[in-house]
Amino acid sequence: MRRIPYTNVLLMLTAIFLALTASESAAATAGKAGGNELVIVNDGQAAATVVVSPAAGPREKQAADDLVKYIGLMTGAMPRLAGTAKDVQAALASNLPLLIVGREAINAKPALKQKIAGVLKKNPKLNADGIAIVREGNRVFLAGSNDESHYYAVAELLKLWGCRWYLPTDFGECVPEDNTLKVGAIDYAYSSPFEIRSYWISWNGDGTGQREFQLRNMMQTGRSGMPSTGHALGQYTGDAPGSKGMFNFRITAPETAQHVAKKLDAAFAKGDGISIGMEDGLYESDYANDQKLMKLQYDKYFMRWSVTDPMLELYNNIARILQARHPTSGGKLGFLAYANMTIPPVRDTKAARSLWCELAPIDIDPIHGMDDPNSPPRQEYRDMMHKWAKVMDGRVSIYDYDQGMLVWRDIPNPSHMAFRQDVKHYAKAGILGVNTESRNAIGTTFLNLFFRGQLMWNPEADVDAMLAEFYPKFYGPAAEPMRDYWTALYDAWEKTIVTEHEYFVAPAIYTPEVMAVLARKIVEAEKAVAPLKAKASRTRNEERYVQRMTFTRMSYDIMNGYLAMVAAAARDIDYARAGAIGDKALAVREAMTAMNGTFTTYKQIGESGSPWWPGEVKQYQKLATLTDGPVGKLIVKLPLEWAFHRDNNDTGLTKGYHTKAVDLTYWKADAAKQTLQNRKDYPIDQWEMIRTDLYAQAQGIRHQDRQSYTGHLWYRTTVNLTAEQVAGKPHIMFPGLFNECRLYVNGQELAQRKQAPMWWHNDYAFQWDVDVTGKIKAGENTIVVRCNNPHHFGGMFRRPFLYHAVAK
């Protein structure tokens, strides 16, 4: 195809421009309208040219290409792209409307560089991203402080025209359809306070569309000069003098630092970034000085002595050796504040200048924000973060987890409600920024990454306003019911008292009341979209509305299926039905994954065993063999509600909680007044009632300061049995029970059950099967379970039952 000379194109464009300015229609206008708007496209005819340097960097060039692309998608008319030296020169010599991108904008208007510099973060430790958009007459200048920032400037202009990228891939982009575009008065410059704003996809998640999504939401595509902090220390300490293994070596011994420094010397001399991050585990040491420093503070989150003080001493020793040898090197040593090194040091310590830290609070309430009174752990984390910022002189970023629920069930796990609080504290502390570990499992994270991008760019961004515009942009005619649907879902997460993590919390958040609202609203939304679905031909946006309702229906069916499965098993002891519901919901999950690979990650993870959803289904199917044969036959379902007593002072045994009569007088008088919020204040010397299908803290069992309850818990019930029922080989099955426990039957201790203190170090089935042959009797039987909960989840979460074991 013959290329038309650009000078001829300019003549044609000039004629079009003159015609268009004479008859302007209603338009999408970027900037302030005032009667003197610059017409970019009018009534489907492009008048403007996009100008970009022939020597443009990769993101700068992509910015210009995407500006042309999205103007075309919005209006049906793609502006001319001037990207060769000759075309650039001709465009700049014309009087046509020009959108000038990147270095050509700075060359054409040198003051733009100073304008950007004036808003940049002062004295950045790594880099600073800033942008400017300025209109002068027929020219719009779009530039940033570096290659990626040039793209951010273009993304900001497209945002002003109404474009949004809520999710990766075309599925999540919302591009308005308007055949006229204008630019009004605009003189804008901005710089983010954060030098790191990124996410990476873990667990082999589908990365389709990640880079484009990051750029369009003001996120970086790399680490911005931050050294890696990944698990690496073991390769340097494994053969250190006196080492007993990866997690047990002489941390502060001078020879350990010398040994590691020797291995790092060449790379540090070259100015490389090197990770000396701790391995993924918990450290110990019997070296005398390590013991002394470890015992400065106990880490309640990981239930052992903190290694922060000895590890930071090791890191400082390594850094000082290398800095002394190579005083002019710009080498960086990265490390993780993670596991039992999350809590900051006790001693008044400063990190050496070559040390860079990522703070990774993996076991601290991922649901609430730092300002939420329902979460003392998040307030503790806020204080930890501020102290780490001082120790590191600001050379610290957050290793953020999203999805925060870690092992989960492909149901929504929103987090913007917490992040909107936390990001303001990050900015106040002056840290480098946030790098999120995400799985890109959109069925779970949904808008989380979008909001992270917006809030990392501008911590003061208005989340409520962004949500208000999201619903009509994303769902079209279904906007109102979908607003109600997601608002109910977000409120459930924001108002929950739950501070624990992983899938055991789902029934506490997605209560029957919440699910009833979602059920109504999904039907209303589908009715609103039905006319579009019936159309023989749909516009691009109409097709998206239909697809998004299909996705949301699948998401609801997965969520509803999972919760119905849990209720059938945990509440009703109907394991056959639970297994069937689970299989059906997993089939919907397959269909959602087939729709878009970014919606889930289970195929990449490779789900194996009890922690994963298929493993949970198999667990219920196996339990069905105890109630319905061939392994066993149900005798009786034990009561759903049991008498319950808190015992955080461990006096229940001497007080006879397992033998003396239960007095529920106070409970019967006070029960109607109890709520999830105020139950923390229930007298600890009184019996109460509790369900056995949901763990204790989710039912309001907390300490008065709102901390998750730790200590002993007593469950007690009675059951009347016939002689026939106690014959044979009766067993009690506790199908879901946390903690180390003791079982008492008719006043006598019958069995003990050991568990690792941190619940995730146990098998995720959490079952306890006890043979009670000869221990239960015809008539009334008293069954008592005493739990010792040292950490997070406490007590029962699946209703127990009695069954007869069938002889093989």
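The values are calculated or read from the model by the stated rules, or taken from the named source; none is laboratory data. Everything numeric here is computed off the predicted structure, so don't read it as measured data. For neighbour counting, all protein chains shown are included, and Cβ atoms are generated from backbone atoms with ideal geometry for every residue, glycine included. To get the accessible areas, we keep the full protein, side chains included, count just its heavy atoms, and leave off ligands, DNA and RNA. Shrake-Rupley method; radii C 1.70, N 1.55, O 1.52, S 1.80 Å.
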Segment 613-630 and segment 57-109 have their Cα centres apart by a whole-number Å value of 63 Å
Going by alpha carbons, how many degrees (0 to 90, nearest 10) lie between the helix axis of 463-475 and the longest principal axis of the chain?
-> 80 degrees
Taking the Cα centre of each part, how many Å lie between segment 171-241 and segment 649-681?
-> 51 Å
Rounded if a/c under 1.5, otherwise prolate or oblate - segment 64-207, Cα gyration tensor axes = oblate
R0 of 30 Å, Cβ-Cβ distance residue 618-residue 526: FRET efficiency to nearest 0.05 | 0.35
Find out how many positive minus negative residues lie around residue 120, taking Lys and Arg as positive, Asp and Glu as negative, among other residues whose Cβ is under 12 Å from that of residue 120.
-> +2
So what's the net charge close to residue 246: Lys and Arg +1, Asp and Glu -1, counting the other residues with Cβ under 12 Å from its Cβ?
-> -3
Length-normalised contact order of segment 658-764 in % [C-alpha pairs under 8 Å, at least 6 apart] = 19 percent
Gain on full stretching of the segment that runs from residue 202 to residue 73 - 0.36 nm per residue minus C-alpha separation | 43.2 nm
What distance in nm separates the simple spin-label points at residue 265 and residue 605, each placed 7 Å from Cα in the Cβ direction?
-> 4.6 nm
Considering only protein heavy atoms and a 1.4 Å probe, what is the carbon-and-sulfur percentage of the accessible area of segment 351-506?
-> 51 percent
Value at 222 nm in deg cm²/dmol, rounded to 500, when DSSP H runs of n ≥ 4 in the chain each add -39,500 (n - 2.57) | -11500 deg cm²/dmol
Where does the charge balance sit around residue 289 when Lys and Arg score +1, Asp and Glu -1, over other residues with C-beta under 15 Å from its C-beta?
-> -2
Using a 1.4 Å probe on the protein chains only, how many percent of the accessible area of segment 186-282 belongs to carbon and sulfur?
-> 50 percent
Stretched fully, the stretch from residue 761 through residue 387 gains (0.36 nm per residue minus C-alpha distance, one decimal, in nm) 131.7 nm
If you take the beta carbon distance between residue 465 and residue 258 as r and set R0 to 56 Å, what does 1/(1 + (r/R0)^6) give as a FRET efficiency, to the nearest 0.05?
-> 0.50
Just the accessible area per residue of the chain, please: how many Å² with a 1.4 Å probe?
-> 37 Å²
Bridge type composition, the chain - antiparallel percent by DSSP, nearest 5 = 65 percent
Highest first, please rank the peptides 238-245, 500-507 by the mean number of other Cβ atoms sitting within 10 Å of their residues.
-> 500-507, 238-245
Paramagnetic reach from residue 516 in segment 472-501 [backbone N under 17 Å; point 7 Å along Cα→Cβ] | 485, 488-489, 492
Here segment 664-681 yields Karplus 3J(HN,Hα) values (6.51, -1.76, 1.60; θ = phi - 60°; whole Hz; Gly and Pro given as x) of 9, 4, 4, 4, 4, 7, 10, 4, 5, 8, 7, 10, 4, 6, 9, 5, 4, 9
Would you kindly derive the ³J(HN,Hα) couplings of segment 551-568 from the backbone phi angles with the Karplus curve 6.51 cos²θ - 1.76 cosθ + 1.60 (θ = phi - 60°), listing them in order in whole Hz, with x for Gly and Pro?
-> 4, 5, 4, 4, 4, 5, 5, 5, 5, 5, x, 5, 5, 5, 4, 4, 5, 4
Using alpha carbon centers only, segment 400-429 is separated from segment 522-537 by a whole-angstrom value of 33 Å
Computed on Cα atoms, Rg of segment 611-654 relative to 2.2 N^0.38 Å comes out at 1.82
Out-of-range pairs (alpha-carbon distance over 31 Å; input 655/777; 292/428; 182/473; 527/673) = 292/428; 527/673
In whole Hz, the Karplus estimates of ³J(HN,Hα) for segment 111-128 (6.51, -1.76, 1.60; θ = phi - 60°; x where Gly or Pro) are 5, 4, 5, 5, 4, 5, 4, x, 10, 5, 4, 6, 6, x, 8, 10, 6, 9
Gyration tensor verdict on segment 164-234 (Cα atoms; rounded if a/c is under 1.5, prolate if a/b is larger than b/c, oblate otherwise) = oblate
If packing is taken as the mean number of other Cβ atoms within 10 Å per residue, what is the order of 783-792, 80-89, highest first?
-> 783-792, 80-89
In nm, spacing of pseudo-spin labels at residue 660 and residue 704 (7 Å Cα→C-beta vector) = 2.2 nm
Between residue 674 and residue 536, the two model label points (7 Å from Cα along the beta-carbon direction) sit apart by a distance in nm of 6.4 nm
On the accessible surface of segment 683-808, probed at 1.4 Å, how many percent belong to carbon and sulfur atoms?
-> 46 percent
Segment residue 324-residue 185, length gained on full extension (0.36 nm per residue, minus Cα span) | 44.5 nm
Compactness index (Cα Rg / 2.2 N^0.38 Å), segment 350-419 | 1.25
Honestly segment 219-311 on the Cα gyration tensor test (a ≥ b ≥ c root eigenvalues; a/c under 1.5 rounded, otherwise a/b vs b/c for prolate or oblate) is just oblate
For residue 400, other-chain or 5+-apart residues with amide H closer than 5 Å (H placed, Pro excluded) are 435, 436, 437
Amide H to amide H, which residues 5 or more places from residue 797 or on other chains are under 5 Å from it, using H placed in the peptide plane?
-> 736, 737, 738
Amide H to amide H, which residues 5 or more places from residue 81 or on other chains are under 5 Å from it, using H placed in the peptide plane?
-> 50
